[in-house]
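A short worksheet on the structure shown next.
The values are calculated or read from the model by the stated rules, or taken from the named source; none is laboratory data. Quick caveat: nothing in here was measured; it's all calculated off a predicted structure. Cβ atoms come from the backbone with ideal geometry, glycine included; neighbour counts cover every protein chain shown.
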Amino acid sequence: MRDFSKAMLRFSWAMPLLGFQQLVNLLRSPDQSIDEVAATLDAMSQVAERQFGELAQTLFKSGDDLQGRLMDSLFGGGAPGATAPAGAPSTCRQPVARAPGYKSDPLREEVIARYTRGTGQFSRDKRYIALRMKMYTLDGREDGYHEGVWEAQFQDPRELLDRPAPPEGPMDEPRGPVPHAAVMAHTKAHWVFNNQGSIIVAGPAASHLVPLPDGSFIFMVSTAQIITGGTGRFDSAYGLVQSLGSTHVSKGVNLFGPEDVSFTATTIDTFRVVRGRHHGTVPAGPPPPQPQPSAPPSADYPYQSRYAEVHGCRMHYIDEGSGDPILFLHGNPAWSYLWRNVIPQVTPFGRCIAPDLIGMGLSDKPPIEYSLFDQIRYLEGFIKKLNLRKITLVLHDWGVAIGSHYAMRNERNIKGIALMEAMLKPYASWDDFPASLRDTFQSFRAPGVGRELIVDKNVMIERVLPGGMLRKLSEREMNRYREPFKDPASRQPIWQFIQELPVGGSPGAVASLVSGYSEKLKRSDLPKLLIYAEPGAITTAADVAWAQANLKNLRTVSIGPGIHFHQEDNPAGVGQAVAEWYQQLS
Amino acid sequence: MFYDQAAFEEIALHFDPALHGAQSDPCEEVIIRYTRGAGRFSADKKYITLSMRQYTLDDQPDGYHQGVWEAQFKDPRELLQRPANPVGPMNEPHGPVEHLAVVAHTKGVWVFGDGSAITAVGPALSHLIPLDDGSFLFAVTCGQIITNGTGRYARAHGLKTSLGSTHIEAGVNLFGPGDVKFTATTIDTFRVVRDPAGSPIK
């Protein structure tokens, strides 16, 4: 054991180059005796010492800054103008006449690498993990500790087994597409260095569960974090941090099971830091994001089309902004084009995603019935495909039924629900149906008549759509609404939605579904926003009063005159109502 | 070089070429590389592409790295801001945990010297740090998931991080009009589980 210890000490200075865990690996080898390990280490140390000799040992004994300078050499960071460390032979820096390595600014940018080992502990609800770790320099010296909290953003741990499809498009051209991978967790953490201050961070994380052939797993976490503050030598420091951690989960252990699981873990952490003394004057800061000023409705649809493969079909969507997702669901007859002038009001505050329901807009048109349940199945597949977490729903028309049904079955994944022209409960009879629409929709449901009107004559696009707003759509706008429904076969989803309207208990399954989410909405504490116009079509003054009396945590906002398509008559009003409400949610 | 290459290779013979630091299991391969090269903005400033040479920690060339960064912010001045310190305990498994907005999305490929490659995608934070002489440091950190690989990393699974930066001289407007190119550097850390025969992760 004495020989082993001596070998360890002798070898320690070279660990930054060769990796501390190499040593650990050797020690783990079951077929090596401790003497063999010591002999191996000693032999390697002798070879290494011949090459690095006193220089490296001097540097490592001189503290963290000097270690950083040696790392500069090892990383190829011989920066022009950098001074040689005290005590280092002049030959140390001179021969390293190559391009700077891993730093962009050799004088003010500090790059620090540490690894940590310790324990992780789950909360009982498996939503949070806390890490309590000892921290080490790369040469294995203990250097304080690291603590942090990880908050899951997924609903089912099995999602951690998934990984995104390979990205499409070029890697060497500055253009998309770039996939929007899901944020699987949010994190906060600090690293407390021995007598030298601390660094505090927060940021999103990827997480992944990798099954191994023996039935065990490796659970990994990869973070992207920003330094929010610091103490001591890192007081007023700025910068970014990456942390890449893992834990091995033995076969038979359910990390996400009901029992109270603690586990060992390790992380590798790298910091790019600019200390406070090097920080310059912040230029006049940007004003806090404000909703965009009102603008006349535009016919433009200036968004990049994206597609998600759901149940073997491509669902089209647009995806703008960043942050937690705000999911805009259109109704009948429409597509994401409906939201084109609303989304710019909301993108300063979150990630705005507007899909086209299956069979509508630019989404595929598979040979299915297009029942409400089909639409729900595809929409839920879409949410799962994009791994959307903490969703805020902005719902219109049939989008209300689809979105509310999802929300009431996945309440933990929802931040809030904004509703417009909303079917909040089934219609007990045609007398209960909105008066302004009653005759029209009764004719649409009449056998032999409705199909001809909707499928052959396209009256939902040509008549009902323009009739549902105060302003007149331009021909260019009308053409955009017509595009997805040019031939009769493409109008099947529009016709089917009409058949699905739950009036007098029929169709029974739809009536039951609407009753179900209606009752749950009444009990739910989720924040709700009801945007309405006067006189409205589906949401009339009586419906607003019903909502105010029956829905908890509800805000109602009137946006002035309007019928059914408020997004066309007053997109700024809709967008600002959503944006202001959303900021309070956040 | 201030060390002798042959001697280094002698040392390296004792180890796998990949750095196994901080493993949680022998199946897990830990690799660290750094890259240097050029970045280029798209005309609309929404995208950056990186074309980088890749190096091992002992400065040996080891392939190349390419990637694309897609901005998720409206105004570059947002990059100057940093959030307030998180609140609540750091050592207890409960919230609150701040939900920071993703500033960019990324995709990248790392092609090693033997031709094997790892492709990954993931969200990123970006930060613009003003320095005392009027210049700036533009930094990017990514938490990425490996989507696929080739060669020895065919069907590999895992995660990786990338922490990059570029120094912007005083007076240069990185986000201004014009075709701006810049030099950049990244440090990339990979945790990889290669696909062993019989593994369920096909």
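Do we have A:Arg141 as crowded, with 16+ Cβ neighbours inside 10 Å, more than 20 Å from A:Gln121 (Cα to Cα) and among the basic types (Lys, Arg) here? Steps first, please.
Numbers: crowded, with 16+ Cβ neighbours inside 10 Å: no; more than 20 Å from A:Gln121 (Cα to Cα): yes; among the basic types (Lys, Arg): yes.
Against the criterion (crowded, with 16+ Cβ neighbours inside 10 Å, more than 20 Å from A:Gln121 (Cα to Cα) and among the basic types (Lys, Arg)), A:Arg141 does not qualify.
Please find, within the range B:87-113, the residue that is farthest from A:Phe122 (Cα to Cα) out of those that are facing chain A (nearest Cβ under 7 Å) and aliphatic (A, V, I, L, M). So, considering only residues that are facing chain A (nearest Cβ under 7 Å) and aliphatic (A, V, I, L, M), the one farthest from A:Phe122 (Cα to Cα) is B:Val109.
Given the conditions (1) in contact with a Gly (Cβ under 7 Å, 6 or more places away or on another chain); (2) small (Gly, Ala, Ser); (3) more than 24 Å from A:Ala541 (Cβ to Cβ), which single one is not true for A:Ala407? Every listed condition holds for A:Ala407 apart from (1).
Is there a residue in the range A:225-239 that is under 18 Å from B:Ile146 (Cα atoms), at pLDDT 95 or above and among the β-branched types (Val, Ile, Thr)? No, the conditions are met nowhere in the range A:225-239. Selection within the range A:399-447: residues that are without any contact (Cβ under 8 Å) to a residue 40 or more places away in the chain and under 34 Å from the mean Cα position of the chain (by Cα). The member of this set that is surrounded by the fewest Cβ atoms within 10 Å (Cβ to Cβ) is A:Arg409. Select from the range A:535-547 the residues that are more than 14 Å from A:Pro434 (Cβ to Cβ) and in contact with a strand residue (DSSP E or B) (Cβ under 6 Å, 6 or more places away or on another chain) and list them in ascending order. Correct list: A:Ala547 only.
The set of residues from the range B:114-143 being under 24 Å from A:Thr347 (Cα atoms), within 7 Å of chain A (Cβ to nearest Cβ) and of a type in the set (S, T, N, Q) comprises just one member, B:Thr141. The single condition from (1) under 12 Å from the mean Cα position of the chain (by Cα); (2) of a type in the set (Lys, Arg); (3) more than 21 Å from B:His167 (Cβ to Cβ) that B:Lys46 fails is (1).
B:Arg152 meets the conditions (1) in contact (Cβ under 8 Å) with a residue 24 or more places away in the chain; (2) within 28 Å of B:Phe73 (Cβ to Cβ) in every case but one. The failed one is (2). Among the residues of the range B:156-171, those identified as closer than 12 Å to B:Gly39 by Cβ and at the interface with another protein chain (Cβ under 7 Å from one of its Cβ atoms) are B:Ser165, B:Thr166, B:His167. Take the conditions (1) crowded, with 24+ Cβ neighbours inside 10 Å; (2) outside any loop (DSSP other than H, G, I, E, B); A:Ile358 misses just one of them, which is (2). For the range B:98-109, the count of residues that are part of a loop (DSSP other than H, G, I, E, B), free of Cβ contacts under 8 Å to residues at least 12 places away in the same chain, in contact with a strand residue (DSSP E or B) (Cβ under 9 Å, 6 or more places away or on another chain) and within 29 Å of A:Leu386 (Cβ to Cβ) is nonzero.
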